[in-house]
Amino acid sequence: MSRLTLMLPLALALAACKPKEPAATPPAAPAEAAASAASPVAAPAPAPAAKPFDLHSVPLTTAALPAFPYVGLPSDIKGDPPHDKVVDFERTHVLAGNQLRQVEGRISHRTFSLSLIGMSPLGAHRNYETAMKQLGATRVDTVSPIDPAFVQANGGDRDAVSQKKLGLIGPPSEPSEADIPNFEQYLLRTPTSNIWISFYIFDNDNNVGVRVVEEKALQQTVSLIPAAQMASALQKDGHVALYLNFDTDSDVIRADSQPAVEEIATLLSGDPQLKLKVEGHTDTDGDAAHNRTLSLARAHSVVRAVSAKGIAADRLSPVGVGPDRPLADNKTEEGKARNRRVELVRA
């Protein structure tokens, strides 16, 4: 059996009890039968609502944890895995008990082919089950993402539940054997974070996916520069860099960046002759052409937001620079953060 570079736990025991056959009821007397027929039949009581998942029911790990994403791939894999992606901050869902739970944080998602390394679904399951145990994680799913009742309760579209909600490459395979789960959701609790690790088998038992979500708040990157300070920088340098937060891969300005928009409007209100280029800049992650398009869309969003404060739109010119003019090295997270910016440039 192949070994993982880092491993992980939990075994479920299922017990089935056959209910006793109820004792035969003697025929009712004619009077009793008539009375019974005349009585209204009580409606069945509604099923109790599912209780929200209790995070505190899962113990904190005491294991010394490796670095993110905490669990490795089989050592037999040669070359790059077919899918290996890390997103620093995103919103997604995990499976907690029998419910979808919305979380936000850093996400790693990797897949590999079982056939290329000669591993069976059972071998993959046992490897990751052991790895979870070593990390101190607890399995927390009580239903499969492709269970018809679960799918129906979450919109009725199996692909949407698996891919759009849980972020999987594809729906898990139908289990080939009862003791080989097609999907396993683990929770690794630490004193500072909740780490959700999903292991799933998909594409007719040919591929395995491992998805790790480390819950965390969005790192605050907005640096509020007062209008007077912007004016001084524009006078001295001809430009000023602002750090606004946008939704991931989106041109939607987050609410915590609205004070910066207010200061830009104050700057322009105080100098009616001032005209600015609004330049969008990105880091080098992803496709360069896509980043240029995204940076232009974000620049347009800033222009619209400032114009909504009563500033004439023709005083602002949006420009999409993308990754082409970095301020810092894109090899570090700190450098990337400096490069993701909006610059105001005196026109």
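The values are calculated or read from the model by the stated rules, or taken from the named source; none is laboratory data. These figures come from a predicted structure and were not determined experimentally. In this analysis, Cβ positions are derived from the backbone assuming ideal geometry, glycine residues included, and neighbour counts consider all displayed protein chains.
Quick notes on this structure:
- Of all residue pairs spaced 6 or more apart or on separate chains, none has beta-carbon atoms under 7 Å together with a first member in the range 161-187 that is closer than 17 Å to V140 by Cβ and not assigned by TED's automatic domain parsing to the domain that holds Q102 and a second member that is modelled with pLDDT of 95 or more and surrounded by 21 or more Cβ atoms within 10 Å (Cβ to Cβ).
- Test: residue in the range 250-262 that is out of contact with any Pro (no Cβ under 9 Å at 6 or more places or on another chain) and at positive phi: no
- Close pairs (7 angstrom Cβ cut-off, 6 or more residues apart or separate chains): farther than 17 Å from V86 by Cβ in the range 57-69, surrounded by fewer than 10 Cβ atoms within 10 Å (Cβ to Cβ) anywhere: L60/P191
- Looking only at the range 92-104, residues that are β-branched (V, I, T) and surrounded by 19 or more Cβ atoms within 10 Å (Cβ to Cβ) come to 2 in all.
- Selection count, the range 87-101, where residues are over 17 Å from G286 (Cα atoms) and either modelled with pLDDT under 90 or among the charged types (D, E, K, R) (or both): 2
- Condition check for V302: more than 25 Å from the chain's Cα centre (by Cα) and part of a helix (DSSP H, G or I): yes
- Within the set R254, R341, the sole residue that is modelled with pLDDT under 95 and touching a Phe, Trp or Tyr at 6+ places or on another chain (Cβ under 6 Å) turns out to be R341.
- All conditions in (1) acidic (D, E); (2) at pLDDT below 95; (3) exposed (fewer than 15 other Cβ atoms within 10 Å of the Cβ) hold for D283, with the sole exception of (3).
- Enumeration of residues in the range 286-315 that are surrounded by fewer than 16 Cβ atoms within 10 Å (Cβ to Cβ) and either among the charged types (D, E, K, R) or over 30 Å from D329 (Cα atoms) (or both): D287, R304, A308, K309, G310, A312, A313, D314
- The criterion of being among the small types (G, A, S), out of contact with any helix residue (DSSP H, G or I) (no Cβ under 7 Å at 6 or more places or on another chain) and modelled with pLDDT of 95 or more does not hold for S307.
- Boolean, I117 is at pLDDT 95 or above and among the hydrophobic types (A, V, I, L, M, F, W, C): no
- The range 105-179 holds helices (runs of 4 or more DSSP H) entirely within its bounds, and those carrying 3 or more residues that are crowded, with 20+ Cβ neighbours inside 10 Å map to 121-135.
- Pairs where the first residue, in the range 259-281, is part of a loop (DSSP other than H, G, I, E, B) and the second is crowded, with 18+ Cβ neighbours inside 10 Å and at pLDDT 95 or above, C-beta under 6 Å, 6+ apart: L274/L268
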